[in-house]
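Engineer: Take this structure, written in structure tokens, and hold onto it; I'll ask about it next.
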Amino acid sequence: MQAETRVPELVPIRHGRMLVSPFAFYRGAALIMAADLNSTAASGLRTQLCGDAHLSNFGAYASPERRLVFDINDFDETLAGPFEWDVKRLAASMIIAARENGFSKKQSRKAALAAVETYRTAIRDFASQSILTVWYAHLNIEDALVEYEATLSRRKLKQSKSALKKTEARLAKARSRDSLQAIGKLTSVVDGNRQIRSDPPLIMRLDDMKDLDPEVMRTRLGNLMQTYRKTLPSDRQHLLDHFTITDIGHKVVGVGSVGTRAWVLLLEAGVEKEALVMQAKQAGPSALSGFAGESQYHNNGQRVVAGQHLMQASSDIFSAGFALGRWVVLDTRTTTYGSYVTGKCPR
């Protein structure tokens, strides 16, 4: 059913990625799980759901203040619904990931129970706090690591030394992710000009796509950027005005999202190394909408933006904006995960 609204030639890539492993299938099966969850008991308590709260959709990213925070980072399926659905999807993902990594059934169960217990105790703590305290709550991952180490005995600390070093190395890598890294990964300099690096069919420059008119697409995406700009606060409009789109590419992203239009936009400021890589991504209704109810928002872009702002403790500075039409996502790729806006999706 979802394949009907996707780029036909990309659908086999989505299926291929889902076939890699049970966890990869699980990542792309938000609709299937929503159907399963719809038949389970619910307390009647509804909240803003991620809609796809599996293990791989959590991670570390840099906040605008350059703190390294741990949070959820995918809102394609976000929608109001029974709070249990996110918790169950996360717990199931813990079991599947643990099995895939060779852990025993007992260890897998223990990991899932620990995740659910942490959720339960965190909610209990939030219930005793003021609204503003909860609103500004976030998990600074470096502080959390220090607190965790303080709970370990000398023997446990010694046993965990290697794992802790690996964790610190991963944090250092996450801390180093910025726009320059994305530019180095996704672009290259050809004849003195920077352009999107082509890697068909996963990444294709607009000029190399035979099924679309490059000039028409440039006009549409340029109009989208102008619409997007109007949704930003005035200071960020001023910042964005320093940059101009110099190249456009099409990128295959994720697992569940494969087959949707995802444009990569290279913006340059005319100064060496001053550039942004932004992403414009199409999507349709939430996979939960057939079971949890339709979105209260006028379009799916507004749904995603509002859901992100409600759920994410610290969002990218370019995360803003509502507009009519099919939704797209723009992210600056200055952090591990970026920002969302909306607009009419160029086909």
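Engineer: If you take the residues in region 262-274 that are outside any strand (DSSP E or B) and in contact with a His (Cβ under 8 Å, 6 or more places away or on another chain), which one is nearest to Asp316 (Cα to Cα)? Let's see the steps before the verdict.
Structural biologist: Initial filter on region 262-274 (outside any strand (DSSP E or B)): 269-274.
Filter once more, keeping what is in contact with a His (Cβ under 8 Å, 6 or more places away or on another chain): 269, 274.
Details: Ala269: 20, Glu274: 18 Å.
Once the filter is applied, the top-ranked residue is Glu274.
Engineer: Sticking with this structure for a sec: Hey, does region 54-65 have a residue that's assigned to a helix (DSSP H, G or I) and free of Cβ contacts under 8 Å to residues at least 12 places away in the same chain?
Structural biologist: If we filter region 54-65 for residues that are assigned to a helix (DSSP H, G or I), which is where we start, we get 55-57.
This time we only want the ones that are free of Cβ contacts under 8 Å to residues at least 12 places away in the same chain, so: none.
No, there is no match, as no residue in region 54-65 is assigned to a helix (DSSP H, G or I) and free of Cβ contacts under 8 Å to residues at least 12 places away in the same chain.
Engineer: Report yes if Ala174 is touching a Phe, Trp or Tyr at 6+ places or on another chain (Cβ under 9 Å), under 17 Å from Ala60 (Cα atoms) and outside any loop (DSSP other than H, G, I, E, B), otherwise no. Let's see the steps before the verdict.
Structural biologist: Details: touching a Phe, Trp or Tyr at 6+ places or on another chain (Cβ under 9 Å): yes; under 17 Å from Ala60 (Cα atoms): yes; outside any loop (DSSP other than H, G, I, E, B): yes.
Against the criterion (touching a Phe, Trp or Tyr at 6+ places or on another chain (Cβ under 9 Å), under 17 Å from Ala60 (Cα atoms) and outside any loop (DSSP other than H, G, I, E, B)), Ala174 qualifies.
Engineer: Could I ask something else about it? Do you know which residues across region 221-259 are in contact with a strand residue (DSSP E or B) (Cβ under 6 Å, 6 or more places away or on another chain) and within 30 Å of Leu55 (Cβ to Cβ)?
Structural biologist: Selection gives Gly249, His250, Lys251, Val252, Val253.
Engineer: It is to be established whether one or more residues within region 22-31 are within 13 Å of Val255 (Cβ to Cβ), of a type outside the set (Ser, Thr, Tyr) and surrounded by fewer than 17 Cβ atoms within 10 Å (Cβ to Cβ). Outline the logic, then answer.
Structural biologist: As a first pass, look at region 22-31 and keep what is within 13 Å of Val255 (Cβ to Cβ): 22-31.
Next, from what is left, pick out any that are of a type outside the set (Ser, Thr, Tyr): 22-25, 27-31.
Checking the rest, the ones that are also surrounded by fewer than 17 Cβ atoms within 10 Å (Cβ to Cβ) come to 22, 25.
Checked region 22-31: at least one residue is within 13 Å of Val255 (Cβ to Cβ), of a type outside the set (Ser, Thr, Tyr) and surrounded by fewer than 17 Cβ atoms within 10 Å (Cβ to Cβ).
Engineer: Give Gly44, Gly51, Gly16 a once-over and let me know the one that is within 27 Å of Asp211 (Cα to Cα) and either without any contact (Cβ under 8 Å) to a residue 60 or more places away in the chain or crowded, with 20+ Cβ neighbours inside 10 Å (or both).
Structural biologist: Values: Gly44 fails: within 27 Å of Asp211 (Cα to Cα); Gly51 fails: within 27 Å of Asp211 (Cα to Cα).
None of the other options fit; the residue is Gly16.
Engineer: When the residues of region 184-213 are filtered to those that are in a strand (DSSP E or B) and hydrophobic (A, V, I, L, M, F, W, C), which remaining residue is farthest from Met278 (Cα to Cα)? Steps first, answer last, please.
Structural biologist: In the first step, residues of region 184-213 are kept if they are in a strand (DSSP E or B); the result is 187-190, 193-196, 199, 203-205.
Pick out the ones that are also hydrophobic (A, V, I, L, M, F, W, C) and you get 189-190, 196, 203-204.
Values: Val189: 18, Val190: 20, Ile196: 11, Ile203: 14, Met204: 15 Å.
Out of the qualifying residues, it is Val190.
Engineer: Just one of Val189, Val216 is at pLDDT 90 or above and either exposed (fewer than 14 other Cβ atoms within 10 Å of the Cβ) or within 22 Å of the chain's Cα centre (by Cα) (or both); which is it?
Structural biologist: Numbers: Val189 fails: at pLDDT 90 or above.
After ruling out the rest, the residue left standing is Val216.
Engineer: Take the residues in region 214-261 that are hydrophobic (A, V, I, L, M, F, W, C) and assigned to a helix (DSSP H, G or I), then tell me which one is nearest to Ser198 (Cα to Cα). Don't jump to the end; show me each part of the working.
Structural biologist: Kept after step one, since they are hydrophobic (A, V, I, L, M, F, W, C), are these residues of region 214-261: 216-217, 221, 224-225, 232, 239-240, 243, 245, 248, 252-253, 255, 258.
Going one step further and asking which of them are assigned to a helix (DSSP H, G or I), we end up with 216-217, 221, 224-225, 239-240.
Values: Val216: 20, Met217: 17, Leu221: 19, Leu224: 23, Met225: 23, Leu239: 28, Leu240: 25 Å.
That would be Met217.
Engineer: Further question: For residues in region 134-152 being within 22 Å of the chain's Cα centre (by Cα) and not small (Gly, Ala, Ser), which is farthest from Ala62 (Cα to Cα)?
Structural biologist: Checking each candidate, the answer is Trp135.
Engineer: Now, a different point. Condition check: in a helix (DSSP H, G or I) and either within 15 Å of Gly51 (Cα to Cα) or aromatic (Phe, Trp, Tyr) (or both). Does Asp86 satisfy that?
Structural biologist: On the way: in a helix (DSSP H, G or I): yes; either within 15 Å of Gly51 (Cα to Cα) or aromatic (Phe, Trp, Tyr) (or both): yes.
Judged against the criteria, Asp86 is a match.
Engineer: If you don't mind, there's one more thing I want to ask. Can you tell me which of Leu55, Leu90, Leu49, Leu19 is modelled with pLDDT of 90 or more, under 23 Å from Tyr297 (Cα atoms) and of a type in the set (A, V, I, L, M)? If you could, list the steps in order and put the result at the bottom.
Structural biologist: Details: Leu55 fails: under 23 Å from Tyr297 (Cα atoms); Leu90 fails: under 23 Å from Tyr297 (Cα atoms); Leu19 fails: under 23 Å from Tyr297 (Cα atoms).
Leu49 is the lone residue from the list that is modelled with pLDDT of 90 or more, under 23 Å from Tyr297 (Cα atoms) and of a type in the set (A, V, I, L, M).
Engineer: Name the residues in region 135-159 that are touching a residue at least 60 places away in the same chain (Cβ under 8 Å) and β-branched (Val, Ile, Thr), would you?
Structural biologist: Passing the criteria: only Ile141.
Engineer: Sticking with this structure for a sec: What are the pairs, 6+ residues apart or on separate chains, where a residue within region 275-287 that is in a loop (DSSP other than H, G, I, E, B) has its Cβ under 6 Å from a residue that is of a type in the set (Val, Ile, Thr)?
Structural biologist: Gln282/Thr260; Gln282/Val328; Gly284/Thr5
Engineer: Here is a follow-up. Under 8 Å by Cβ, and 6 or more places apart or on different chains, what pairs join a residue from region 184-197 that is closer than 10 Å to Thr246 by Cβ with one that is hydrophobic (A, V, I, L, M, F, W, C) and surrounded by fewer than 10 Cβ atoms within 10 Å (Cβ to Cβ)?
Structural biologist: Filtered contacts from region 184-197: Gln195/Val189.
Engineer: Quick check on this structure: which one of Phe126, Phe103 is aromatic (Phe, Trp, Tyr), modelled with pLDDT of 95 or more and more than 28 Å from Gln312 (Cα to Cα)? Explain how you work it out, then say what you get.
Structural biologist: On the way: Phe126 fails: more than 28 Å from Gln312 (Cα to Cα).
The match here is Phe103.
The values are calculated or read from the model by the stated rules, or taken from the named source; none is laboratory data. Just so you know, these numbers come straight off a predicted model, no measurement behind them. Ideal geometry is used to build each Cβ from the backbone, glycine not excepted, and the neighbour counts take in all protein chains shown.
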